[in-house]
């Protein structure tokens, strides 16, 4: 598919679209919703829905809104308790704003609040996926945010870029659009380097592309930067969805992009099956299996991971937990469901399958990670 045909993510080519809006775009420095700008975005959404596109929104802003109402320092991010209180207070205002503006266009809004664990746990992930499917079938626009009022470090996405990508995966979206304070991926940070050049199309996220990311959030209000957007692109494209970074600093940002505005599109990779896509897109794992060059080559051919190819085992995990499979140079090459707990895995690492019974007293499985429960990343 030609990249120029994808520009703007037209409804004719993108049936289901996830749109992410960051705090710096939605909330002004005084802590108020930028209602006039948001109304132009809602008009974009309404136009796309009229054209047949299904839209899901991932909206930041709850902490920033709540911090102002509670008069909290540091934008509500001075402590976990402040952030949780600000989120609880601001989420009401945020939801009311979205519901009101969408209603002006005759659109019903729904709210979903999720934590990282909701999308890392397979059963809850499937529940979220089913809810999203039903909502869009009912012609509703789901408005999603991280549940910051209860999330702690261990169960947080930390930024809504990766949340948007995971929601896109759960919703089986065709594309994800990240509205940002920059209009795409540049060869360097355009805020500090005037010679930086926009990259309009990214077919593969390799080391060169990753090196261009800047971890800072220009506004100081949000929690993401270009690093999180690259990570989001890995998740989305690995699940078979395109991902775009476009400017949200203009009115009607989606229409602006569709009519020739700048943007960067990460092209979707060949989609994995639903289960393997969920595995590949996970943000948390319980352990690491360091494998030798022979095992890496075998995995690349679609084989299961045998104990003989494992050089070392890291972490504490139970059978059925998700682990990373790592090359000797530190690259994560695959992710899968482990067939043994960590104690047994340590005992049989580097050994031939026929030795397992003597080492463990039984040999229930001949592989450490079966290819049917593994996804290359």
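The values are calculated or read from the model by the stated rules, or taken from the named source; none is laboratory data. These numbers come from a predicted model, not from an experiment. No Cβ is skipped: glycine too gets one built from the backbone with ideal geometry, and neighbour counts run over all protein chains shown.
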One residue is enough: does segment 263-285 have a residue meeting the conditions in the same structural domain as residue 203 (by TED's automatic domain parsing), assigned to a helix (DSSP H, G or I) and at pLDDT 95 or above? no
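Only one residue in 319, 352, 331 is in contact with a helix residue (DSSP H, G or I) (Cβ under 7 Å, 6 or more places away or on another chain), assigned by TED's automatic domain parsing to the domain that holds residue 298 and surrounded by fewer than 16 Cβ atoms within 10 Å (Cβ to Cβ). Which one?
So the residue among 319, 352, 331 that is in contact with a helix residue (DSSP H, G or I) (Cβ under 7 Å, 6 or more places away or on another chain), assigned by TED's automatic domain parsing to the domain that holds residue 298 and surrounded by fewer than 16 Cβ atoms within 10 Å (Cβ to Cβ) is 352.
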Number of the exception - residue 148 against (1) buried (at least 20 other Cβ atoms within 10 Å of the Cβ); (2) at pLDDT below 95; (3) assigned to a helix (DSSP H, G or I): (3)
Output for segment 223-262, where each listed residue is under 20 Å from residue 191 (Cα atoms) and not in a helix (DSSP H, G or I): 223, 224, 225, 244, 245, 246, 247, 248, 249, 250, 261, 262
Does segment 348-362 hold any residues that are part of a helix (DSSP H, G or I) and in contact with a strand residue (DSSP E or B) (Cβ under 9 Å, 6 or more places away or on another chain), and which are they? 348
Scan segment 13-50 for residues that are in contact (Cβ under 8 Å) with a residue 40 or more places away in the chain, under 20 Å from residue 139 (Cβ atoms) and not in a strand (DSSP E or B) and report the count. 11
Quick check on segment 340-349: of everything there that is in contact with a helix residue (DSSP H, G or I) (Cβ under 8 Å, 6 or more places away or on another chain) and free of Cβ contacts under 8 Å to residues at least 40 places away in the same chain, which residue is surrounded by the fewest Cβ atoms within 10 Å (Cβ to Cβ)? 347
Of all residues in segment 93-107, which are touching a residue at least 12 places away in the same chain (Cβ under 8 Å) and out of contact with any strand residue (DSSP E or B) (no Cβ under 7 Å at 6 or more places or on another chain)? 93, 101, 104, 105, 106
